[in-house]
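One structure below.
The values are calculated or read from the model by the stated rules, or taken from the named source; none is laboratory data. Predicted model, so just to flag it, every value in this text is computed and none were measured. Neighbour counts run over all protein chains shown; Cβ positions are idealised from the backbone, glycine included.
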Amino acid sequence: MSALKRWTVPAIGALLLALIAPPAQAVAAPQPCAAGHVRLTFDDGPHRTATPDILDTLANRGVEATFFVTGEMTAALPDVVRRVSAEGHRIGNHTWSHPELTTLDRAQMTAQLRRTNEVIEQVTGNTPSEWRPPYGATNGLVEAAAQDVGLKSMVLWTVDPRDWADLPATTIRDRVLQGVRPGSIVLLHDGTGQNTPAALPMILDGLAAAGYCTQ
Ligand SMILES: [Zn+2]
């Protein structure tokens with residue numbers, strides 16, 4: 001082999017490799033929000049320990065979420081709801097005492113929603129416009145009652161890991177990550193899911209790794 005050939009063959013090989021190999025960075029870190037957005041919602045709170053724990057995690061990651069609180073628990077733990085609001089999260093109305101609204105008469109429905117609006121406004125200074133019916137149980141009468149008290153936007157969900165049943169945190173994570181699609185609304189519980197605070201950092205890691213942003 002000539003001196004020239006000994007030098008050029010490996011050089012051309014190295015050049016080709018550099019052209020063919022994908023940049024390592026593209027594999028390690030997907031573009032932020034490349035997969036779209038996912039909305040995280042927490043129901044049935046506030047809870048004395050779980051809600052602050054969840055708020056700490058969200059603050060550490062710079063993530064915003066929505067909390068569908070009950071009036072009853074807001075009245076019992078106003079400082080926790082004040083913190084939720086102060087940290088930039090959205091607060092929605094989840095009725096006063098979490099009944100199945102479709103079983104109530106119109107006056108009872110209205111009272112459940114109006115009292116909750118009032119206590120949220122007293123505590124945070126803001127009246128909610130979003131609401132979520134307990135158990136997702138709704139009909140035309142329920143929705144008319146919500147309109148009457150200024151609740152413009154009913155928010156249900158598309159991913160339900162059933163975290164309230166105290167599943168292991170890893171199961172909650174897996175169900176969320178397997179269920180999400182761009183635009184998903186994830187139903188979680190700060191009020192009743194014992195393992196939800198432990199699942200949340202893993203859920204956020206998995207969503208970020210898959211290229212989702214949360215809102
Ligand atoms: Zn609920």
**Message:** Show me the helices (runs of 4 or more DSSP H) entirely contained within segment 1-118 in which 3 or more residues are surrounded by 10 or more Cβ atoms within 10 Å (Cβ to Cβ) and modelled with pLDDT of 95 or more.
**Reply:** 50-61, 71-76, 78-86
**Message:** Quick check on my filter: what residues within segment 160-173 are more than 15 Å from the ligand (Cβ to nearest atom) and either touching a residue at least 60 places away in the same chain (Cβ under 8 Å) or not in a loop (DSSP other than H, G, I, E, B) (or both)?
**Reply:** ALA169, THR170, THR171, ILE172, ARG173
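Kindly indicate the residue of segment 73-95 that is within 12 Å of the ligand (Cβ to nearest atom) and more than 16 Å from the chain's Cα centre (by Cα) and also nearest to GLY140 (Cα to Cα) among those meeting that condition. It would help to see each step written out before you state the result.
Quick first cut of segment 73-95, residues within 12 Å of the ligand (Cβ to nearest atom) only: 73, 92-95.
Restricting the remaining residues to those that are more than 16 Å from the chain's Cα centre (by Cα) gives 73, 95.
On the way: MET73: 27, THR95: 17 Å.
The residue in question is THR95.
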**Fill in**
Among PRO197, PRO182, PRO168, the single one that is touching a strand residue (DSSP E or B) at 6+ places or on another chain (Cβ under 7 Å) and more than 19 Å from GLY136 (Cα to Cα) is PRO182
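For THR196, state whether it is of a type in the set (S, T, N, Q) and modelled with pLDDT under 95.
no
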**Request:** Quick one: in segment 199-215, of everything that is in contact with a Pro (Cβ under 9 Å, 6 or more places away or on another chain) and over 25 Å from ASN93 (Cα atoms), which residue is surrounded by the most Cβ atoms within 10 Å (Cβ to Cβ)?
**Result:** TYR212
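Of everything in segment 126-142, what is touching a residue at least 12 places away in the same chain (Cβ under 8 Å) and more than 16 Å from the ligand (Cβ to nearest atom)? Give them in sequence order. Walk me through it before giving the result.
Kept after step one, since they are touching a residue at least 12 places away in the same chain (Cβ under 8 Å), are these residues of segment 126-142: 126-139, 141-142.
Within segment 126-142, ASN126, THR127, SER129, ASN139, LEU141 meet the criteria.
Condition check: within 16 Å of the ligand (Cβ to nearest atom) and assigned to a helix (DSSP H, G or I). Does ALA146 satisfy that?
Values: within 16 Å of the ligand (Cβ to nearest atom): yes; assigned to a helix (DSSP H, G or I): yes.
Yes.
Any chance segment 174-188 includes a residue that's within 16 Å of the ligand (Cβ to nearest atom), at pLDDT 95 or above, part of a loop (DSSP other than H, G, I, E, B) and buried (at least 19 other Cβ atoms within 10 Å of the Cβ)? Step through it out loud before you land on a result.
First, pick out the residues of segment 174-188 that are within 16 Å of the ligand (Cβ to nearest atom): 185-188.
From what is left, the residues that are at pLDDT 95 or above are 185-188.
If we keep only those that are part of a loop (DSSP other than H, G, I, E, B) as well, we get none.
No, segment 174-188 has no match at all.
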